[in-house]
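What follows is a single structure, written as structure tokens, with notes after it.
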Amino acid sequence: MAGIRQSFIIAWAQFKTEIVSLRVIMGYILGLIGIVQYSYRYIQYTMNIPAQFLEPFILYFNSRSNLTFTLLGLFLILSDAPFVTSRSMTAIYRTTRKRWSLGLTFYILMQVSIYYIVLLAFSVISVASVAYSGNVWSRSIYRMAMYDPIAMSDYGLELPEPSLLQNYLPVDAAIHTFLLIMLYSVILGLLLFALNLNNGKLVGSIVTFVIHFLGYVMISDTSLGIPLKFSPLANTILQWHSREMPLYFSYGMFFIAILIIMMILRITVFHTDFKISVSGK
């Protein structure tokens, strides 16, 4: 328990240091610009007819292009991985490498969670004046799901799949949307951390970008013949889940990926020359 407590202390100290960084603040601003603009366009589309307060958040993250834009803000926040500075060297030497790496893992989980909680909060605030809290879909989103080209052409909104409204209520959809995007982001963040430990910042950034890009291509080009469930990005989008790609498959795949990356991280951290990491900054 003492080791876990020490790791949480390291995570909290890292968070307090990073949250006032201009780079991190800009990352949050970038993420907020996307979802607040989308929420405002959605309210314009509804013509002030009451909408369920979670609908803009759900719709926004069921679009691969919106999701990609949001990840740009998160990558900016985590771009300083592996977070080794001359000051943090003291913490590394005062504790074990295992506890330090676990602390940074907690930090990534904390930063990702808070990032999406902030986006959710601002999305809700943006539509609060014309929204209701009942756990039922609005007429506006049903109209979009039945195919309304005006939503796309005049308001830049992507249409939801009818199955999204048939299979989930708004609260359920929001919970799954939040968890899927959070798990996917944690995977990319941990990869960034693990790969940058001994290779410099460029390696982790390239690998995470390639993983996301390949997932995007697999979704966009069905002629490749690759099943949708093998795209990490596709597993992040709630409305694309079906019998061929059930929710439990995506959750299971994400949790297994996180465990594998954490095992790789545990091995990598014991072979890291932290002096090189510091000098690389």
**OP:** Could you tally the net charge around L159, taking each other residue with its Cβ under 11 Å from the Cβ of L159, Lys/Arg +1 and Asp/Glu -1?
**Re:** -2
**OP:** Averaging sequence separations of C-alpha pairs under 8 Å and six or more residues apart, then dividing by the length of the stretch 1-271, give the relative contact order as a whole percent.
**Re:** 25 percent
Original post:
Of the heavy-atom accessible surface of the chain (probe 1.4 angstrom), what whole percent is carbon and sulfur?
Top reply: 69 percent
**OP:** Provide the per residue accessible area, probe 1.4 Å, for the chain, rounded to a whole number of square angstrom.
**Re:** 49 Å²
**OP:** Amide H neighbours of Q52 under 5 Å, at least 5 residues apart or on other chains, H built in the peptide plane: list them.
**Re:** Y132, S138
**OP:** Any chance you could give the angle, 0 to 90 degrees and rounded to 10, that helix 2-18 forms with the longest Cα principal axis of the chain?
**Re:** 70 degrees
**OP:** Determine, for each peptide in 177-190, 63-76, the mean count of other beta carbons within 10 angstrom over its residues, then list the peptides with the highest first.
**Re:** 177-190, 63-76
**OP:** Quick one: what are the phi-derived ³J(HN,Hα) couplings along the stretch 141-157, Karplus 6.51/-1.76/1.60 with θ = phi - 60°, whole Hz, x for glycine and proline?
**Re:** 6, 5, 5, 5, 5, 7, 5, 10, x, 4, 4, 7, 6, 9, 10, x, 9
Original post:
Can you give the net charge of the other residues whose Cβ lies under 15 Å from the Cβ of A131, counting K and R as +1 and D and E as -1?
Top reply: +1
Subject >> Sum of side-chain charges, Y60 neighbourhood, beta-carbon under 15 Å (Lys, Arg +1; Asp, Glu -1) >> reply: -1
**OP:** Rounded to whole Hz and in sequence order, give me ³J(HN,Hα) for the stretch 230-235 from the Karplus expression 6.51 cos²θ - 1.76 cosθ + 1.60, θ = phi - 60°, writing x for Gly and Pro.
**Re:** 8, 8, x, 5, 4, 5
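The values are calculated or read from the model by the stated rules, or taken from the named source; none is laboratory data. Here the structure is a predicted model, which is why all the values come from computation and not from measurement. Note that we place each Cβ from the backbone using ideal geometry, even for glycine, and neighbour counts take in every protein chain shown. Just the protein is used for accessible areas: all its heavy atoms, side chains included, with ligands, DNA and RNA removed. Shrake-Rupley method; radii C 1.70, N 1.55, O 1.52, S 1.80 Å.
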